[in-house]
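Here is the structure we will look at.
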Amino acid sequence: MKRIVLFASGSGSNVENIEHYFRENPEVSISCVLSNKRDAKVFERCNRLNLNALCFNKHSFYGSDCVLNILKSLNPDLIVLAGFLWKIPDNLISSYPNKIINIHPALLPKYGGKGMYGMHVHEAVKNNNEAETGITIHFVNENYDEGAIIKQAKVDLNPIDTPEMIAEKVHHLEYEHFPKVIEQVLMGT
Ligand code: GAR
């Protein structure tokens, strides 16, 4: 049995999609969903889906080994950032080399780095009149959005697309590719 721990900060639609993908797979379990945001919609989803979920604050994450100790007790084969917006601290990176993956809603290295998350990314893509955007799934290292790329997928944009429409196109790519990539990486662990 392979164990995944998910981190999420927001709506959690990727969490729900990942849960749905692995629901019938007895070889993979989602041990817990960890979030930095007490009122995030992801907690409602976890309740509905019967997923374990925990909330932590800044001090637990950056000022102590609290989150690291929780992870150690869960003993995950893979840690998946599914819409998680805080930078991962060094104690987690060094404890889980090549075992943390992230999804970014753009074609890195474009539109990455601090402040580039969620709708900010899609607004920047719109403002630059990009003809295409996409997703990047990558390993997480000590530099924001710079770890080795595992998979990218693209989608064409129309000049009339609003940032919301771009977000929808990108979410569609995320739902299609992220669970499959998680499965592939898990099989290699
Ligand atoms: C996703 O589009 C994900 O790529 C993005 O947050 C969204 C979360 O959506 N992640 C980042 O921007 C990380 N820098 P969700 O909560 O509905 O899954």
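Using only the alpha-carbon atoms of the stretch 1-108 as identical scatterers, what base-10 log of I(q)/I(0) does the Debye formula give at q = 0.15, 0.20, 0.21 Å⁻¹? Debye curve over Cα of the stretch 1-108, log10 I(q)/I(0) at q = 0.15, 0.20, 0.21 Å⁻¹: -0.60, -1.09, -1.20.
Using only side-chain charges placed at the Cβ, +1 for Lys and Arg and -1 for Asp and Glu, the dipole size of the chain relative to its Cα centre rounds to 480 debye. Within the shell of other residues whose beta carbon sits under 14 angstrom from the beta carbon of residue 167, the net charge comes to -4, with Lys and Arg scored +1 and Asp and Glu -1. Remark: C-alpha extents of the chain on the principal axes read 49, 37, 33 Å, sorted largest to smallest. Measuring nothing but how far apart in sequence close Cα pairs (under 8 Å, 6+ apart) lie, relative to its length, the stretch 108-189 scores a relative contact order of 29 percent. Considering only alpha-carbon pairs that sit under 8 angstrom and 6 or more positions apart, the relative contact order computed for the stretch 57-160 is 24 percent.
Sorting the segments 147-153, 44-50, 129-135 by their mean number of nearby beta carbons within 10 angstrom, highest to lowest, gives 129-135, 147-153, 44-50.
Rounded to the nearest 10 degrees, the angle from helix 118-127 to the longest Cα principal axis of the chain is 20 degrees. Summary value for the chain: 20 percent relative contact order, contacts being C-alpha pairs under 8 angstrom separated by 6+ residues.
Return one number: the angle in degrees, 0 to 90 and rounded to the nearest 10, between the long axis of the Cα atoms of helix 163-187 and the longest principal axis of the Cα atoms of the chain. Here the helix axis deviates by roughly 40 degrees. The simple spin-label model puts a point 7 Å past each Cα toward its Cβ; for residue 47 and residue 162 those points are separated by 3.0 nm. How much net charge surrounds residue 13 when only the other residues with a Cβ under 9 Å from the Cβ of residue 13 are counted, with Lys and Arg +1 and Asp and Glu -1? Result for the local shell: 0.
For a paramagnetic label modelled on residue 90 (point 7 Å from Cα along Cα→Cβ), amide N atoms under 17 Å away belong, within the stretch 59-76, to 61-66, 68. At an R0 of 30 angstrom, the distance between the Cβ atoms of residue 73 and residue 129 translates into a FRET efficiency of 0.05. Using only Cα positions of the stretch 73-116, each an equal point scatterer, no hydration layer, compute I(q)/I(0) via Debye at q = 0.30 Å⁻¹ and quote the log10 values to two decimals. Reported log10 I(q)/I(0), two decimals: -1.24.
Of all lysines in the structure, the ones whose alpha carbon falls short of 22 Å from that of residue 2, not counting any fewer than 8 places away in one chain, are 72, 99, 151, 180.
Of all the options 15, 155, 42, the one that moves most in a Gaussian network model of the chain with Cα springs shorter than 10 angstrom is 155. For helix 13-22, report the angle its Cα long axis makes with the longest principal axis of the Cα atoms of the chain; keep it between 0 and 90° and round to the nearest 10°. Long axis of 13-22 versus the principal axis of the chain: about 60 degrees. All other residues whose Cβ lies under 13 angstrom from that of residue 74 are scored, Lys and Arg at +1 and Asp and Glu at -1, for a net of +3.
Springs join every pair of Cα atoms under 10 Å in this Gaussian network model of the chain, and among 75, 141, 128 the largest mean-square fluctuation is at 128. The calculated FRET efficiency for residue 119 paired with residue 27, based on their beta-carbon distance and R0 = 41 Å, is about 0.70. In the stretch 78-161, one over the average inverse separation of all distinct C-alpha pairs is 13.3 Å, which is the Kirkwood hydrodynamic radius.
Throughout, read-outs are computed from the coordinates displayed, never taken from laboratory work. If you're wondering where the values come from, they're calculated on a predicted model, not measured in any experiment. Cβ coordinates were reconstructed from backbone atoms using ideal geometry, including for glycine residues, and neighbour counts include every protein chain displayed.
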